[in-house]
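Colleague: Starting off with a structure, shown below.
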Amino acid sequence: MSVISPKKALLALLWATLLASGSALADLQYNMPVGVTPMSQQIHSLHMIVFWIVTVAGIGVFGVMIYSIINHRKSKGAVAAQFHESTTVEIIWTLIPFAILVAIAVPATKTLLQIEDTSNPDLTVKITGWQWKWEYDYPKQGIRFFSNLSTPQDEIDNKAKKDKHYLREVDNPLVLPVGKKVRFLTTSHDVIHSWWVPDLGIKKDAIPGYINKAWAKIEKPGTYRGQCAELCGKGHAFMPIVVVAKTEKNFEKWVAAQKQKEAAAAAASGKSYSKDELMAMGKKNFVAHCAACHQANGEGIPGTFPPLRQGHSFSASPTMMKDLKDLGFMTDDNKIHMGPIKNHLHIVLHGIEGTAMQAFAQQLNDLEIASIVTYERNAWGNNTGDVIQPSDVKAAR
Amino acid sequence: MTTAATTHAGHHEEHPTGIKRWLFTTNHKDIGTLYLWFSFTMFLIGGAFAMIIRAELFEPGLQFVQPITFNELTTMHGLVMIFGAVMPAFVGLANWQVPLMIGAPDMALPRMNNWSFWILPFAGAMLLSTIFMQGGGPDFGWTAYAPLSTKYGPPSTDFFIFSVHMLGISSIMGAINIIATILNMRAPGMTLMKMPLFVWTWLITAFLLIAVMPVLAGAVTMMLTDRHFGTSFFDAAGGGDPVLYQHVFWFFGHPEVYIMILPAFGIVSQIIPTFARKPLFGYSSMVYATAAIAFLSFIVWAHHMFTVGMPAAGELYFMYATVLIAIPTAVKVFNWTATMWRGSMTFETPMLWAIAFVILFTIGGFTGLMLGVVPADFQYQDTYFVVAHFHYVLVTGAVFAIIGGVYYWLPKWCGHMYNETLAKWHFWLSAISVNVLFFPMHFAGLAGMPRRIADYAPQFQDFNVVSSIGGFAFGASQLLFLFIVIKAIRGGAKATDQVWEGAKGLEWTIPSPAPYHTFATAPEVK
């Protein structure tokens, strides 16, 4: 058997690794961010206080232990003392940790009470978690929109070079004014999510049936990134949060522009479109809202997410198979088939109860749904020739 | 009780051989061996899942598995390691050692002992089989939060629920058996306050198990009725409450954490005095600290869910109660240190694992204290900082103690010494790689990486590369453990009865290997 001492070999390796990695660590973020709100800054200092306390405690305890390991070893001729049980010592080493804990609890309590004081906000934003996107609603301003991951699938699949903000970029960021007390109300439409932006010092669960409160007063303009922190299904890694903090003047400008944009979108839903126009819009909207489950090629995921490509085989749980057949979207030999337009619209608008198929009625406007349904019925060789206009969607709602 | 057991033991002269021996055995040593091999098998399976997870997280982008599979892997890794590897390993050690340490001829309820083991392989196989089911295995994390596990769970969730029930039944029966054995079958003179600490910690753990496994059973049963029988315990739309699930789950979950660490405290409290050649500094305070930790474990559960939006008063209460745990835990660490102080130490492999346990578990305890501070927890919650924390207490805590315990008692079990050089290699490879694996996770978490994500932003890559390399090295090192154990079973230097120079206690008075039946006549303890 081998006789090389493992200690020597491994210590050498450890040093080599440390030296090699030392240079790479230069501009790496490895600590909690200080952040840009009074609360995030207080949290950071609390974190550092406790960190230093445990570091000192660790050095003390491990120091005694290491001293003992070096000096009180049999090979050095140490003879074991036989002392044990000392009430005085035991009382002292119970009281010291207690005193330290009180010292930690006092500032922690103060900070916590401030964090929980969500009264008198200047602005309220309602945040709803969806699988797998965020909805932001400014009730006073009358603005409401969804915020989706904007990283292209090709980057995720390693077919394209990854952007600097890979997985931390969205189509519509949450825009907030600086210097104002913003109150966030978080809830969820489906499973539990958690809205987390480290620089704001906020992590609040978004729970169906609950409305949780948090607040932030952002001190300087900038872009602050975070992501969902509670496991919420297969898209958990893919629902980032981007907050853009603007000066009050720029925020007002943004509010006006956003209102105009929403009005234009509503007007667009009142018109009719050619099949080609709908197909082009449909492809874009399908990728943004449907492809996460049904896949860009319409082939779905076996056993979980049905394909949309006609003739494609699929098998899943008996209830899901029954739903698909009842709605006319599956043939008797378990192949996907484009069922009646009426049912198609119903599924997209209202979802399928008890499955992952969401109701899109609140999420998408008439034009978006019309384009998606048109696209699904004609893409991937489905070629049903059906054209669905926004007015059809409006009628089906 | 002991006299009845003495006369009874004489009848077991013939033992069946081959598969029948193991299938029908009521012998505590055989059953202990079965538990330990089952545990090690599950450790390797759960470890294989972890290797795939680490491979996927080696760089940003999706390389090996799709997100759904990734979620199944993290779920299975947690379930297999907790219910398949760590808990059965401790029950296995208890089966072997508790009767030997208290001078009993066997466990109090030998047939139930057989049954509580043989439920495990079936429950474990059912759990693992869900991976191959239509719609995939459970993919909602081992915590199975509603509604992700109820309304949105895959069909295989029902098999997960059934196997959790079976695992729970097995644990409860094991716990009843251990309590009955300890309370009724101690040798004359072995008063409660003379019991070895491993026996004490297991006695307290067994009570925890009986108290909380039914709570878990209740939680998953409510999940089942929500899924199939029209109830709405956890569905807000039906008048229920998704947060209720978390309260019930963690009322089980927090004591569960201590179920996995108290016996580890016991093992380390046996090993350190042996190799320091000095009695444990504060035996009775160790017993009281264990009891205090067990008590506190019932009143701190909501610290796992500070971000669900509790009222400030609730958050304050759970913060104060949680940080209090630091006191009995600190008392334990001080005691181990004081035991080593002015001892006459040697550093055979079990001692190395025990010392590593004390240091690394303490680091896990420190991060636990940090996590208990609510405002800071808002930043740590559900990040890799938490992953680092609980792997320090579970891997370098529980698992290190188990491995240390195996090296410590292996010569007694098989009659041969293991190869000390190889065992030291195993230790140093593990102790270094485990830190390379888990230490960078603290940084990744503080920098903003959430846990349970299949893909991550590029700024977290450096930490993940280091963690993955450490992970592969740690995983490979455990194969060496398998080799060392098999080699020791097959042969090696003959172990003496006492095995270790400083070892004290009844288990070291019997021959090595321990005969099939021991203490047919109860020993006298002075």
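The values are calculated or read from the model by the stated rules, or taken from the named source; none is laboratory data. Computed from a predicted model, the values in this text were never measured in an experiment. Methodologically, a virtual Cβ is constructed for each residue, glycine included, from the backbone with ideal geometry; neighbour enumeration extends over all protein chains shown. Only protein heavy atoms, including side chains, enter the accessible area calculation; ligands, DNA and RNA are left aside. Shrake-Rupley method; radii C 1.70, N 1.55, O 1.52, S 1.80 Å.
Colleague: Can you find a residue in the range A:199-218 that is away from chain B (no Cβ under 12 Å) and open to solvent by 10 Å² or more (accessible area, probe 1.4 Å)?
Modeller: Yes, because at least one residue in the range A:199-218 is away from chain B (no Cβ under 12 Å) and open to solvent by 10 Å² or more (accessible area, probe 1.4 Å).
Colleague: Might you let me know whether the range A:215-222 holds any residue that is within 23 Å of B:GLY309 (Cβ to Cβ), touching an Asp or Glu at 6+ places or on another chain (Cβ under 7 Å) and part of a strand (DSSP E or B)?
Modeller: Checked the range A:215-222: no residue is within 23 Å of B:GLY309 (Cβ to Cβ), touching an Asp or Glu at 6+ places or on another chain (Cβ under 7 Å) and part of a strand (DSSP E or B).
Colleague: Further question: Among the residues that make up the range A:111-118, is at least one of them at the interface with chain B (Cβ under 7 Å from one of its Cβ atoms) and acidic (Asp, Glu)?
Modeller: yes
Colleague: When residues of the range A:106-125 are filtered for being crowded, with 17+ Cβ neighbours inside 10 Å and among the small types (Gly, Ala, Ser), how many remain?
Modeller: 1
Colleague: Next question. Specify which of the listed residues (B:PHE298, B:PHE334, B:PHE281, B:PHE347) is more than 9 Å from chain A (Cβ to nearest Cβ) and either surrounded by 21 or more Cβ atoms within 10 Å (Cβ to Cβ) or in contact (Cβ under 8 Å) with a residue 40 or more places away in the chain (or both).
Modeller: The match here is B:PHE298.
Yes or no, residue by residue, for (1) modelled with pLDDT under 95; (2) open to solvent by 50 Å² or more (accessible area, probe 1.4 Å); (3) within 9 Å of chain B (Cβ to nearest Cβ):
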position: A:ILE127; (1), (2), (3): no, no, no
position: A:PHE145; (1), (2), (3): yes, no, no
position: A:VAL175; (1), (2), (3): no, no, no
position: A:LYS181; (1), (2), (3): no, no, no
position: A:THR186; (1), (2), (3): no, no, yes
position: A:GLY222; (1), (2), (3): no, no, no
position: A:ALA229; (1), (2), (3): no, no, yes
position: A:HIS236; (1), (2), (3): no, no, yes
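Colleague: Go through (1) open to solvent by 20 Å² or more (accessible area, probe 1.4 Å); (2) within 16 Å of the chain's Cα centre (by Cα) one by one and return the number of the condition B:ILE82 breaks.
Modeller: (1)
Colleague: Are any of the residues in the range B:32-53 open to solvent by 10 Å² or more (accessible area, probe 1.4 Å) and within 14 Å of another protein chain (Cβ to nearest Cβ)?
Modeller: Yes: one or more hits.
Colleague: Checking B:HIS228 against (1) free of Cβ contacts under 8 Å to residues at least 60 places away in the same chain; (2) surrounded by fewer than 19 Cβ atoms within 10 Å (Cβ to Cβ), which test does it fail?
Modeller: (1)
Colleague: Give the residues of the range A:304-325 that are surrounded by fewer than 19 Cβ atoms within 10 Å (Cβ to Cβ) and out of contact with any helix residue (DSSP H, G or I) (no Cβ under 9 Å at 6 or more places or on another chain), sorted by residue number.
Modeller: Those that are surrounded by fewer than 19 Cβ atoms within 10 Å (Cβ to Cβ) and out of contact with any helix residue (DSSP H, G or I) (no Cβ under 9 Å at 6 or more places or on another chain): A:GLN310, A:GLY311, A:HIS312, A:SER313, A:SER317, A:PRO318, A:THR319, A:MET321, A:LYS322, A:LYS325.
Colleague: Turning to a different aspect of this structure: Read through the list (1) within 14 Å of another protein chain (Cβ to nearest Cβ); (2) under 21 Å from B:ILE169 (Cβ atoms), then give the number of the only condition that B:ALA237 fails.
Modeller: Of (1) within 14 Å of another protein chain (Cβ to nearest Cβ); (2) under 21 Å from B:ILE169 (Cβ atoms), only one is false for B:ALA237: (2).
Colleague: Could I ask something else about it? Among the residues of the range B:443-465, is any farther than 30 Å from A:GLY35 by Cα and open to solvent by 30 Å² or more (accessible area, probe 1.4 Å)?
Modeller: So far as the range B:443-465 goes, no, none of its residues is farther than 30 Å from A:GLY35 by Cα and open to solvent by 30 Å² or more (accessible area, probe 1.4 Å).
Colleague: B:THR307 - would you say it is open to solvent by less than 20 Å² (accessible area, probe 1.4 Å) and within 30 Å of A:THR187 (Cβ to Cβ)?
Modeller: Spelling it out, B:THR307 is indeed open to solvent by less than 20 Å² (accessible area, probe 1.4 Å) and within 30 Å of A:THR187 (Cβ to Cβ).
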